[in-house]
Amino acid sequence: MGRSLRLTQETARGMHRAWRQILVHGPAATREARRQPEATCELTALLAEPPSRVRRLVPEFPALYAHLAGVGPVETLTTNPVAMHRIRGAAGALRFQAQSQTGACSGALDLRMFFNAWAHGCAVVEPVSECSLRFFDEHGRFLHAVYPTPETNMDAWYELVVRYAADEQRPFLDVARRPFGGVTDPDFSAAAEPAAVLDWSRRRLHADGGRLGTMLYRPGQQVRPLAPDALERLLQSLADAELPVSVLAGNAGVAQRFTGLVRWLRLNDNAYRVHDAGFALTVTPSAIRAVEMVHRPARTGFDRSLDCRDAAGETVLSVAEPEGASRAEKAAWQRLLNALEGEAGGS
């Protein structure tokens, strides 16, 4: 059954506090709130703000994203339980497939959008320092955000916000709330997932490891388990050796990729980061259920990537040798991947 968002004065104050946490700490700030009896999601926290600060957008998301090409460089954020993936660059032209409701941007921003998972959008207009476009699924869960940069054409940005602002800013929303945490929640059944949200059947998605796993899937692929810290050690080695890397992260609505050199930084006991001038990936190791080496059939042999699954068993992060690597870089990549598989008893 759907759960109605009736905003009492008390819950609105709680959402306001949660929204302030989101502004400071990002989407991960509500993880603790989600465990409370009256779980607050990012969408409800945003809509507790007045329209002068947060504007609800019409759900014409492919058209909106196509117009982002006119605002100049932006920063995009895609999150999942394991990683926060940020990249910076110009959006470029959107290639949109109406039948599948999918879109792709390439170039400085390498994005794949699954628009049938997008249900709600908001534009944060105040405070100016937190200007952003934020997108959510039908359950009110965060999927993706776009932020202006110092190089963004803010006149074009605000024209876009005005153009796509909804006439009715605070309608009554009946959000079909689903427990956070995916299929590991005891009261969740696959049959309850609305088919319209997904490009593929729920069975196919889970069999192949969620949206990202399905996107990467190739018939005949082979999976070998690795040590839990294999991802961290690989990223450290790539940074030390100054080797280019392809880092792909995603959720049900978006997959975004960075390709280039990275540096490695330990943030604290619970998280680490790899970053570059236009990229940052923050990883929470405790959220990783499995680290795997995936061998995917290619025209000559196999392509290998190191993939991570979250607690729901879905692939949410994939690290691989980038296309266009030099012969020396390819050889160095093979040595690193062979060493990881050798430690795990692979061949």
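The values are calculated or read from the model by the stated rules, or taken from the named source; none is laboratory data. None of these values were measured; they are calculated from a predicted model. Glycine also receives a Cβ, built like all others from the backbone with ideal geometry; neighbour counts cover every protein chain displayed.
For the reader, a short list of remarks on this structure follows.
- Residue check, Asp276 of a type in the set (D, E, K, R), touching a residue at least 12 places away in the same chain (Cβ under 8 Å) and under 14 Å from Leu238 (Cβ atoms): yes
- Scope the range 163-190; condition at pLDDT 80 or above and in contact with a strand residue (DSSP E or B) (Cβ under 9 Å, 6 or more places away or on another chain); matching residues: Tyr164, Ala165, Ala166, Glu168, Gln169, Arg170
- Strands (runs of 3 or more DSSP E) completely within the range 235-274 that count 1 or more residues being crowded, with 22+ Cβ neighbours inside 10 Å and in contact with a His (Cβ under 8 Å, 6 or more places away or on another chain): 245-250, 254-260
- Residue check for His295: within 30 Å of Pro150 (Cα to Cα) and either in contact with an Asp or Glu (Cβ under 8 Å, 6 or more places away or on another chain) or surrounded by fewer than 20 Cβ atoms within 10 Å (Cβ to Cβ) (or both): no
- Test: Pro81 is part of a loop (DSSP other than H, G, I, E, B) and at pLDDT 90 or above: yes
- The range 319-336 residues that are in the same structural domain as Ser305 (by TED's automatic domain parsing) and at negative phi, paired with ones that are of a type in the set (S, T, N, Q) and assigned to a helix (DSSP H, G or I) (beta carbon under 7 Å, 6 or more apart): Leu336/Ser237
- For the range 66-82, filtering for residues that are under 15 Å from Ala93 (Cα atoms) and either touching an Asp or Glu at 6+ places or on another chain (Cβ under 8 Å) or free of Cβ contacts under 8 Å to residues at least 40 places away in the same chain (or both) leaves 4.
- Verdict on Arg218 being in a loop (DSSP other than H, G, I, E, B) and of a type in the set (Lys, Arg): yes
- Qualifying residue in the range 286-299 (condition: closer than 30 Å to Glu138 by Cβ, of a type outside the set (S, T, N, Q) and in a helix (DSSP H, G or I)): yes
- Residue in the range 90-111 that is closer than 12 Å to Phe258 by Cβ, part of a strand (DSSP E or B) and in contact with a Cys (Cβ under 6 Å, 6 or more places away or on another chain) present: yes
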